[in-house]
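Data first, discussion second: the structure below is written as structure tokens.
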Amino acid sequence: MPQALEQADGRWAWVVLLASLVAQGLTVAFPSCMGVFFTDLQRDFQASNSETSWFPALMVAMLHTGGPLCSVLVKRFGCRVTMMLGGILASLGMVASSFSGSLYQLFLTAGLITGLGMCFSFQSSITVLGLYFVQHRPLANALASMGMSMGVTLWPLLARYLLETLGWRGAFLIFGGVFLHCCVCGAILRPVATNMVPEPKEDPPLPPKTPARSCLATCVSTIQHHLAFDILWHNMGFCIYVVGMTCMHLGFPLPHIFLVPYAMHHGMDEYWAAMLTSVVGFCNIFLRPAAALLAGRKSLAASRKYLFTVAILVNGLTNLICTVSADFRVLLSYCLVYSLSMCGIGILIFQVLMDVVPMDRFPSALGLSTVLAGVASLVSPPLAGLLLDMTNNFSYVFYMSSCFLISASLFMAAGFYAAEKKQLKQEGKAKVEDAASEMTPMQGLTSGDKDSARKKLCPANMDVTNV
């Protein structure tokens, strides 16, 4: 175990914040540019909308479902090694994908390998913020999420330029070199001193005549720990969060994948279609710091969960604008409003999870939530692509996205409200029981016995009285 070099909330924490910002911009924002390559990949591989949509779906799914493996690596090797390993995997996957001869090879290289590498780098950047920041954690999470906004702004423009000059194979080769910058970000993550109790290096001696645990039982116990199933069964807030996030990710990735093809399908120029996605990221660069200061106020700490659900609700309702028209002005208005809701989701999605679970179990809780979100992200785009092949109408894709987002928002809001009411009721009942337990020993005693009992409970008063 490396010796801690830095303290939480110290000067180096802000350098780590910058590294996390860059890592998020390189990883979690990268799938936003896949819509730029959608038409070219579909043409070169002679594939349908449903088949082509598996490529970004696999990438986004691996970005989330690699969470448990990432939490194991973070616990064993630390955030620094895990982030650097993620950068290497993401780079190798993109370089190999530039030589793909079929769509299935692209699924393996850019989808699985690059997606897993991005997961390691991204989730390490989230975990290290929780270790380095305590007092300013909401602000740090929000500022780091600006990296995703910058990435959403720059990735589509860079992808459009590289596609026109080098083709999609040359663009993927360049992307492989860009992902190596995650290794630089990982090198900045020094060990940090925390309040967590370190685990003993050696296992305590087992009592004699204790049967050894089977391999299956050990595997089940390890999976339960790293997937935070123990928290899921006993923490209602975490259970509500996981179910709501899974439902949300059935609709949240769809606009990022289908907005550019939708605009191009209706005759919009390729450059302006790619610009729509960049508008969303550009607005978030300026919106997130202001929203972070607002969300980080102590007076709003109790209502952060409900602000999160409101942001999801607005995001779902906003997608209905795309069904009105494919005119550039309409879609530009959609992107401006969409950026507001995306800002709220981005700055609160991890902060709400940190509020719901203890920080020492945050990597495991993040792993479980991202696995389910990854499964949802894997199913959703191909399902939307199949719907598009059957109807040849992009409006149904945005209807589908809105339905899942609105449902997730209403479920989470009602669940959090019911959980708080139940907790308040249990706390009130516990106070009544405590008061009753204090009064019970005094019942059945005479007045003289009660005075004697009070004197025994208050010896100082008895001394004063004797004097």
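The values are calculated or read from the model by the stated rules, or taken from the named source; none is laboratory data. Note that this is a predicted model, so its numbers are computed, not measured. All Cβ positions, even for glycine, are placed from backbone atoms using ideal geometry, and neighbour counts span all protein chains on display. Side chains are part of the model used for accessible areas, which takes the heavy atoms of the whole protein and leaves out ligands, DNA and RNA. Shrake-Rupley method; radii C 1.70, N 1.55, O 1.52, S 1.80 Å.
Observations on the structure shown:
- Those residues of the stretch 128-154 which are open to solvent by 10 Å² or more (accessible area, probe 1.4 Å) and in contact with a Pro (Cβ under 9 Å, 6 or more places away or on another chain), in sequence order: Leu139, Leu143, Met146
- Against the criterion of being hydrophobic (A, V, I, L, M, F, W, C) and without any contact (Cβ under 8 Å) to a residue 12 or more places away in the chain, Trp233 qualifies.
- The set of residues in the stretch 345-384 being more than 22 Å from Phe120 (Cα to Cα) and buried (at least 24 other Cβ atoms within 10 Å of the Cβ) consists of Ser380, Pro381, Ala384.
- Top-ranked residue of the stretch 99-127 - restricted to ones that are of a type in the set (Val, Ile, Thr) and touching a Gly at 6+ places or on another chain (Cβ under 8 Å), ranked as most open to solvent (accessible area, probe 1.4 Å): Ile113
- Residue that is surrounded by fewer than 20 Cβ atoms within 10 Å (Cβ to Cβ) and either of a type in the set (A, V, I, L, M, F, W, C) or under 14 Å from Gly93 (Cβ atoms) (or both), where the choices are Phe55, Phe45, Phe30, Phe37: Phe45
- Subset tally (residues that are part of a loop (DSSP other than H, G, I, E, B) and modelled with pLDDT of 90 or more) for the stretch 286-325: 0
- Qualifying residue in the stretch 320-334 (condition: within 22 Å of Leu293 (Cα to Cα), among the hydrophobic types (A, V, I, L, M, F, W, C) and open to solvent by 30 Å² or more (accessible area, probe 1.4 Å)): no
- Restricting Leu166, Leu173, Leu157 to those that are closer than 30 Å to Leu293 by Cα, assigned to a helix (DSSP H, G or I) and open to solvent by 40 Å² or more (accessible area, probe 1.4 Å) reduces the list to Leu157.
- Failed criterion for Val81 (all others in (1) open to solvent by 60 Å² or more (accessible area, probe 1.4 Å); (2) on the phi > 0 side of the Ramachandran plot hold): (2)
- Residues that are hydrophobic (A, V, I, L, M, F, W, C), open to solvent by 30 Å² or more (accessible area, probe 1.4 Å) and in a helix (DSSP H, G or I) within the stretch 241-282 comprise Val243, Cys247, Met264, Trp272, Met275, Phe282, listed in sequence order.
- Of all the criteria given as (1) buried (at least 22 other Cβ atoms within 10 Å of the Cβ); (2) more than 30 Å from Asp355 (Cβ to Cβ), the one not satisfied by Arg288 is (2).
- When we screen Ala384, Ala373 for residues that are within 20 Å of Ala57 (Cα to Cα) and under 17 Å from the mean Cα position of the chain (by Cα), the only hit is Ala373.
- Only helices (runs of 4 or more DSSP H) whose full extent lies in the stretch 1-90 are considered here, and the ones with at least 3 residues that are farther than 22 Å from Leu112 by Cβ and at pLDDT 90 or above are 12-26.
- Subset of the stretch 370-416 [over 15 Å from Cys247 (Cβ atoms) and without any contact (Cβ under 8 Å) to a residue 24 or more places away in the chain]: Leu387, Met390, Thr391, Asn392, Asn393, Tyr396
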